[in-house]
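The values are calculated or read from the model by the stated rules, or taken from the named source; none is laboratory data. Source: prediction; values computed, not measured. Ideal geometry is used to build each Cβ from the backbone, glycine not excepted, and the neighbour counts take in all protein chains shown.
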Amino acid sequence: MDHLAPYSESIDGLRSVGHQFWTRGWSRGTSSNYSVVVERDPLRILITASGKDKGNLGPNDFVLVDENGHSVVEGQPKSSAETLLHCLAARQGAGAILHTHSVWGTLLSQHFAPVGGIRIAGFEMLKGLDGITTHESSCWIPIFDNTQDIPALAKQVDEYFQAHPEERCWAYLIRRHGMYTWGKDLAEATRHMEVIEFLLECLGRSTRLA
């Protein structure tokens, strides 16, 4: 599609990430969605189209949306059902947003849902998260209940972050669903995903799951 031509570098980056995450088992089937901010004023977000195999994304499997998740070009494919969650993160300053459905993220989101989140502390890998410089740190990953009402979920996530400005957050989980993480650009968001997935697997392998 001609309107996507200016964003070929971003598309190539997202396609590469999709194949990488599919290979690692984090984005099986048509699950997951990824996006990058391609313009700030007005806000424009390039996001994966709905129902696409993330291991084999094509150059036209993307949608350009505005800050409210509305398509800005007539005739585009439908964007992900969870586009509003990407828009929320983008409005809060993220340059790239990644969503996966890994085994560990799914299982641990159910196991720790009763306490509202997961606290991970003391691991050297924490230093891969932006702003952390020592293993003597911790990362809090809040957990939200899954719902098909995405506007309501986006509102809940937004209200949570507004109510907890003192708690730095790099990701959140949706119970029995998957994880969202972000970064200032695609490279940082990808690193955050790799780090947090590593930490979740460490926690999962050391936790007795019912």
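Considering the range 104-124, and only residues there that are over 19 Å from the mean Cα position of the chain (by Cα) and part of a helix (DSSP H, G or I), the residue that is nearest to W182 (Cα to Cα) turns out to be E124. Beta carbons closer than 8 Å, at least 6 apart along the sequence or on distinct chains, pair a first residue in the range 1-22 that is part of a helix (DSSP H, G or I) with a second that is among the basic types (K, R) for G18/K54; H19/K54; F21/K54; W22/R28; W22/K54. The set of residues from the range 104-133 being of a type in the set (S, T, N, Q), in contact (Cβ under 8 Å) with a residue 12 or more places away in the chain and either under 23 Å from K184 (Cα atoms) or in contact with a helix residue (DSSP H, G or I) (Cβ under 7 Å, 6 or more places away or on another chain) (or both) is empty.
Within the range 55-88, can you find the residues that are among the small types (G, A, S), in contact with a strand residue (DSSP E or B) (Cβ under 9 Å, 6 or more places away or on another chain) and over 15 Å from D149 (Cα atoms)? Within the range 55-88, S71, S79 meet the criteria.
Of these, A89, A81, A94, which one is assigned to a loop (DSSP other than H, G, I, E, B) and at pLDDT 95 or above?
A94
The single condition among (1) part of a helix (DSSP H, G or I); (2) in contact (Cβ under 8 Å) with a residue 40 or more places away in the chain that H99 does not satisfy is (1).
Put simply, of A163, A189 the only residue that is small (G, A, S), within 16 Å of H86 (Cα to Cα) and at pLDDT 95 or above is A189. Only one of the listed residues (Q148, Q162) is out of contact with any His (no Cβ under 6 Å at 6 or more places or on another chain), surrounded by fewer than 19 Cβ atoms within 10 Å (Cβ to Cβ) and within 18 Å of H99 (Cβ to Cβ). That residue is Q148. The set of residues from the range 27-84 being surrounded by 20 or more Cβ atoms within 10 Å (Cβ to Cβ), within 23 Å of D158 (Cβ to Cβ) and not aliphatic (A, V, I, L, M) comprises S32, N33, Y34, S35, T48, G69, S79, S80, E82, T83.
The set of residues in the range 151-210 that are out of contact with any helix residue (DSSP H, G or I) (no Cβ under 9 Å at 6 or more places or on another chain), within 23 Å of G122 (Cα to Cα) and basic (K, R) comprises R168, R208. Count of the range 24-54 residues, restricted to those that are outside any loop (DSSP other than H, G, I, E, B) and within 16 Å of the chain's Cα centre (by Cα), is 11. If the condition is being more than 22 Å from R40 (Cα to Cα), of a type outside the set (S, T, N, Q) and in contact with a Ser or Thr (Cβ under 8 Å, 6 or more places away or on another chain), then the range 82-104 contributes only H101.
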